[in-house]
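See structure below.
The values are calculated or read from the model by the stated rules, or taken from the named source; none is laboratory data. If you're wondering where the values come from, they're calculated on a predicted model, not measured in any experiment. Virtual Cβ from ideal backbone geometry, glycine too; neighbours counted across all protein chains shown. Side chains are part of the model used for accessible areas, which takes the heavy atoms of the whole protein and leaves out ligands, DNA and RNA. Shrake-Rupley method; radii C 1.70, N 1.55, O 1.52, S 1.80 Å.
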Amino acid sequence: MGIYVPLYRAVALCVSLVWLWGLNIWTWSRYRVNHVFIFEISPRHKVNHLEIWAEAASLSIVVLLNSLLFLHHQQYRLKARLSEVVYPLALIAFIIAKIALQLSDSSKRGSLQKDIVASMGSVFIAPFGRARFRDCYLADYFCSMQKIFSDLQYIICIYTLSFSKLMQDDPLASSGYCLSLGSILVPIVHAVPYWWRFQQCLHRYIETQKRWPNLANAFKYCLCQLTVIIGSLHPFFSEYQAPWSPYRLFWLALIVVTTLYTYVWDLVMDWGLLQFQDKAHPLLRQNRLFPTTTFYYWAMCSNLVLRFTWVVTLIPFPFQSVLASSAELENVLLPLLTFLELFRRSQWGILRVEYEHLSTSQGFRKYEHLPLYFDKAGPTAAVGLEPKKKSIWINLEVVFMAGLLVFFSVVVWVLK
């Protein structure tokens with residue numbers, strides 16, 4: 001059972017993300033946030049929250065039934081009749097077939113899936129792909145899914161070795177090899193989403209020729225990437241009895257600085273909060289689409305707590321030495337912390353799109369007018385459409401910043 005936990009954990013977390021996405025759609029629709037316009041989705045391709053929840057419900061039923069059958073197989077030791085690997089394989093085959101059928105569908109749901117795949121392609125090839133709002137928004141979600149990606153990396157390794165040996169060897173041997181390989185791949189998997197966002201910020205800088213906020217945002221993801229790489233390559237930092245060397249103190253200080261930096265950026269740049277114009281509601285902006293101020297204050301407080309909580313999941317943490325030597329608690333605590341990060345990201349997304357609806361804070365929109373959610377008219381006042389001449393100094397700055405990040409990453413790798 002243990003070697004297949006990452007697969008079921010990753011799939012269950014992805015299904016929960018679909019539920020959360022439906023909640024975001026419902027919130028934006030309920031309070032007239034024009035997410036369709038902001039994400040540049042064709043009105044003919046938009047889906048409502050009920051359709052998303054129906055999809056999430058069907059996926060939940062399939063995953064639950066598959067899990068119950070797998071546990072039944074484990075409990076009654078039916079290995080002589082059927083190999084246990086069949087159940088995870090059936091789940092993977094179902095998910096792949098469902099995605100393939102939806103991509104081949106010409107309906108609005110299939111068209112929306114193609115738009116998502118196109119945005120994923122732009123993220124993967126950053127900085128050469130497009131860096132629209134929805135592309136950067138998707139990449140930010142990837143930054144909250146590192147544990148899901150590391151689980152997928154592990155299960156791909158397990159099945160690759162199993163098929164290469166025709167499933168005749170003990171899967172535990174493959175598990176040990178994949179765990180040792182993970183010491184190299186996991187830091188890469190955790191750092192790559194931040195690298196994508198870092199490159200997107202540089203792409204935005206080249207497009208807009210504005211150092212603020214693009215370079216400051218790039219610096220934020222640079223700090224995140226270095227924090228994850230150092231923590232992954234030096235797991236002994238998280239051990240309580242390890243010596244407090246200057247290098248370890250630097251790493252802990254980097255965690256605090258990075259988390260506070262990203263937290264303040266969320267509030268000020270992504271949500272437009274920490275303002276003092278509204279005396280009746282301190283720290284909130286005057287223009288708000290959500291009627292209750294409690295939600296804003298809740299988001300501000302919970303975002304800080306959950307940001308520090310998420311740091312724990314990105315570090316190889318010795319659960320056995322902390323949680324009463326119980327390895328099973330890791331299988332409960334890790335999915336819970338990952339789900340809380342997905343919840344935090346969904347909450348961040350609600351306010352991020354609301355603020356983008358009210359004000360193009362980071363220059364993604366080319367229009368001053370944004371139609372209401374029920375409008376069919378297009379934008380009327382276009383601004384900033386004139387082409388800008390690109391300076392060679394901007395390209396040199398971008399190359400220098402990317403090279404600097406690569407240099408520090410290599411130094412950390414060498415000093416591990």
Flagged pairs (Cβ under 8 angstrom, 6 or more apart or on separate chains; first in region 99-124, under 14 Å from R44 (Cα atoms) and at pLDDT below 85; second in a helix (DSSP H, G or I) and open to solvent by 70 Å² or more (accessible area, probe 1.4 Å)) are G110/S104; Q113/I99
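Residue check: is K210 modelled with pLDDT of 85 or more and surrounded by 23 or more Cβ atoms within 10 Å (Cβ to Cβ)? Don't jump to the end; show me each part of the working.
Details: modelled with pLDDT of 85 or more: yes; surrounded by 23 or more Cβ atoms within 10 Å (Cβ to Cβ): no.
No: the conditions fail for K210.
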So, L314, is that one in contact with a Leu (Cβ under 8 Å, 6 or more places away or on another chain), under 30 Å from V186 (Cβ atoms) and either modelled with pLDDT under 70 or not hydrophobic (A, V, I, L, M, F, W, C) (or both) or not?
no
Residue hits (region 197-215; of a type outside the set (D, E, K, R) and either without any contact (Cβ under 8 Å) to a residue 12 or more places away in the chain or under 17 Å from R130 (Cα atoms) (or both)) are F198, Q199, Q200, C201, L202, H203, Y205, I206, T208, Q209, W212, N214
Legend entry - Condition check for N303: over 26 Å from the mean Cα position of the chain (by Cα) and either at pLDDT 90 or above or closer than 23 Å to W28 by Cα (or both): no
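Within region 232-266, take every residue that is assigned to a loop (DSSP other than H, G, I, E, B) and at pLDDT below 70 and give me the one that is most open to solvent (accessible area, probe 1.4 Å).
Within region 232-266, the subset assigned to a loop (DSSP other than H, G, I, E, B) is 234, 239-245.
Remaining after also requiring at pLDDT below 70: 234, 239-244.
Details: H234: 4, E239: 90, Y240: 201, Q241: 174, A242: 12, P243: 97, W244: 146 Å².
Top of the filtered list is Y240.
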*Is it true that some residue in region 134-141 is of a type outside the set (S, T, Y), surrounded by 19 or more Cβ atoms within 10 Å (Cβ to Cβ), over 23 Å from H190 (Cβ atoms) and at pLDDT 80 or above?*
yes
Given the structure, is A216 at pLDDT below 75 and among the aliphatic types (A, V, I, L, M)?
no
When (1) small (G, A, S); (2) closer than 26 Å to V63 by Cα; (3) out of contact with any Leu (no Cβ under 8 Å at 6 or more places or on another chain); (4) modelled with pLDDT of 90 or more are applied to S144, the one that fails is (3)
Can you find a residue in region 66-81 that is at pLDDT 90 or above, over 28 Å from P335 (Cα atoms) and of a type in the set (K, R)? no
